[in-house]
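In what follows, a single structure is set out as structure tokens and then discussed.
Laboratory data are not the source of any read-out in this text; all were calculated from the coordinates shown. Quick caveat, the model's predicted, so the values are computed rather than measured. Cβ placement follows ideal geometry from the backbone for every residue including glycine, while neighbour counts extend to all protein chains displayed.
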Amino acid sequence: MGVFTFVCKSSGGEWTAKQHSGDLEASASSPFELQRKLVQTALSADSSGGVQSSFSYVSPSSAVFQVIIGGGGGGAVFSGGAAAAAPSGRAAVEAAPAEEKKEEKEESDDDMGFSLFD
């Protein structure tokens, strides 16, 4: 499993990205195109499985992009600039208790001691 974190910046209409701890980098004219290039760049370094990605703006001209390759499930969550891997989808479903359905009783005007339509 490979996790690639990129710091992205925009200057003069050009978006550039450099890997946080590594030598990978890319540039493009839009954030969307940059994300596509960064996924391909990460896949060229590690093609061991499925790909998940997360793009989070930090300011209008900077962002953090994370590519996760392999691992069999899960995702990435950015909170306050810190990234944390989420549990796999199946584990999260199994860990969540089943919600019980509660039947609601319809209240009548008689329960309130007065009628709304009198």
Query raised in the report: So, in nm, how far is label SER29 from label MET1 when the simple model puts each one 7 Å beyond its Cα toward the Cβ?
Result: 3.8
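Ratio of Rg to Rh for the stretch 2-69, alpha carbon only, Kirkwood?
Dividing the radius of gyration by the Kirkwood radius yields 0.95.
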Requested in this report: Tell me the label-point distance for the pair VAL58, LEU43, using the 7 Å Cα-to-Cβ offset, in nm and rounded to one decimal.
Outcome: 2.7
Query raised in the report: Under unit Cβ charges (Lys, Arg +1; Asp, Glu -1), what dipole magnitude, rounded to 20 debye, does the stretch 2-69 have relative to its Cα centre?
Result: 100
